[in-house]
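The structure under discussion appears below in the form of structure tokens.
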Amino acid sequence: MAILQIIDQLDALVENSRRVPMSALRMIDYGQTKQAIERLRVNVPSSIMESERMLQERDRILEAAEAEATRIIEHAKRHANEILSNDSMVAAARQEAERIVIDAQQTAQVRRDEADRYAARVLDELAEKLRIISKQVDNGLDLLRQNLDLEGSEAAGDGRARR
């Protein structure tokens, strides 16, 4: 029986009991009262134990919830740190990529400049050789023209003398 029902039975025993004339006292049935008190003794500990069990269960649920909340928070912190770490790694990789691109552009410019200087030097040498060859060709032509002029004038002089 539930404790409140036993208390209601005790209350009914008292209310239904006979009054002692000329006093506030009442006469109650000893056996029924003793039985109700005994049932209270039996039921109170089980109710208290059940209440304590409920309190323990509540505490266990609260502890589990707190542990779960702590685990979730720690997981979120680790995940956030991973994201930040990845962001840092991405930023570092971008910086390194930019540095590599700049170095490559500078190296390419140096190589272009070197190639341009080499080409200019080779063309200058070729132009000098062409000037020398051109001079030699001009000298050869001048010499041939002189020879042709001499032969032409000798041939003309021979023809006048023979006539």
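Below, the figures for the structure above:
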item	result
Condition check for residue 13: surrounded by 11 or more Cβ atoms within 10 Å (Cβ to Cβ) and either under 30 Å from residue 2 (Cα atoms) or of a type in the set (Gly, Ala, Ser) (or both)	yes
Options 96, 63, 50, 38; residue that is in a helix (DSSP H, G or I), surrounded by 10 or more Cβ atoms within 10 Å (Cβ to Cβ), within 25 Å of the chain's Cα centre (by Cα) and of a type in the set (Asp, Glu)	96
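Every number here is computed from the coordinates shown, using simple stated rules; none is lab data. All values reported here derive from a predicted model rather than from experimental measurement. Cβ sites come from the backbone with ideal geometry, for glycine too, and all protein chains shown count toward neighbours.
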